[in-house]
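Everything on this sheet refers to the single structure shown next.
None of the figures in this text is laboratory data; all of them are computed from the coordinates on show. On a predicted model such as this, the values are computed, not experimentally measured, just so you know. With ideal geometry, Cβ positions are generated from the backbone for all residues, glycine too; neighbour counts draw on all protein chains shown.
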């Protein structure tokens, strides 16, 4: 059976979920969860994603996010691959961490109420899994975006965008009063969840689109029209734009270092300047290690990976020494 096509377009809103391979846990402790949130932040920096909600459970996670550019596939590939590599390295494991393909559902984000239903579904996961007692507040579960909503904007990650969800719940101002009202609304939702009186979640768990039928039909028409004009391969278009972005960045970095491509070819593969350039490219783009190694003339991608890992460890040691 052919795989379902990933629908990508600028401004798309998705509910995403991925489980551990063989239902194994993908988070073994708090450090793993912090490691995933860090990787999510790095992914957002690369892709421009705006996260509306997330929740980390034991053997799976949920995300709701907007992609200003059509880059879901590239971003998820980087996020899942990066976290898997770091998890396996930390726990001295090998093999696949995640099971098959992640699930993606396009969410109608046109202020029709579907976004807040999806985000409530995500934030209430700990309640459905009996990780909170009736007496505990929803904010007592630390591994979701919900507690972050109750903080001052300056204390939140820059990639978390709470305004769409708050607006759909009728909270127009992100101040102390607005956040308190949001908290009361969510505590009421928690009680409804405990009482089993919330809506059926089947439409969120299955299908490819969650929203108004008119909006679903409009999206299908646009996708069909784009396909007829050979423009619907937005993922292909994005990957090409990422290659252009990476090449422009490389030219900018070479100008900054007063170097040329011919200089790169003459320099040794592990030259510190090349390592610095590789780290910058990996931080600011979604290009692969193979692409980075090829364009910086650094040999194999595994060699580049080892160099970057060593550099990262050295930086962490320096920071750790200074913090003592």
(request) Confirm whether residue 131 is over 23 Å from residue 210 (Cβ atoms), more than 18 Å from the chain's Cα centre (by Cα) and surrounded by fewer than 20 Cβ atoms within 10 Å (Cβ to Cβ). (result) yes
(request) Could you please give the count of residues in region 10-32 that are touching a residue at least 24 places away in the same chain (Cβ under 8 Å) and not in a helix (DSSP H, G or I)? (result) 16
(message) Among the numbered criteria (1) part of a helix (DSSP H, G or I); (2) within 13 Å of the chain's Cα centre (by Cα), which one does residue 66 miss?
(response) (1)
(message) Which of the helices (runs of 4 or more DSSP H) found entirely inside region 154-225 contain at least 3 residues meeting this: more than 25 Å from the chain's Cα centre (by Cα) and surrounded by 17 or more Cβ atoms within 10 Å (Cβ to Cβ)?
(response) 176-195
(request) Spot the failing condition for residue 98; the list is (1) closer than 30 Å to residue 245 by Cα; (2) surrounded by 22 or more Cβ atoms within 10 Å (Cβ to Cβ); (3) touching a strand residue (DSSP E or B) at 6+ places or on another chain (Cβ under 8 Å), and only one is missed. (result) (2)
(request) Give just the number: which of (1) under 15 Å from residue 19 (Cβ atoms); (2) part of a strand (DSSP E or B) does residue 76 not satisfy? (result) (2)
(request) Determine whether residue 147 is surrounded by 20 or more Cβ atoms within 10 Å (Cβ to Cβ) and on the phi < 0 side of the Ramachandran plot. (result) no
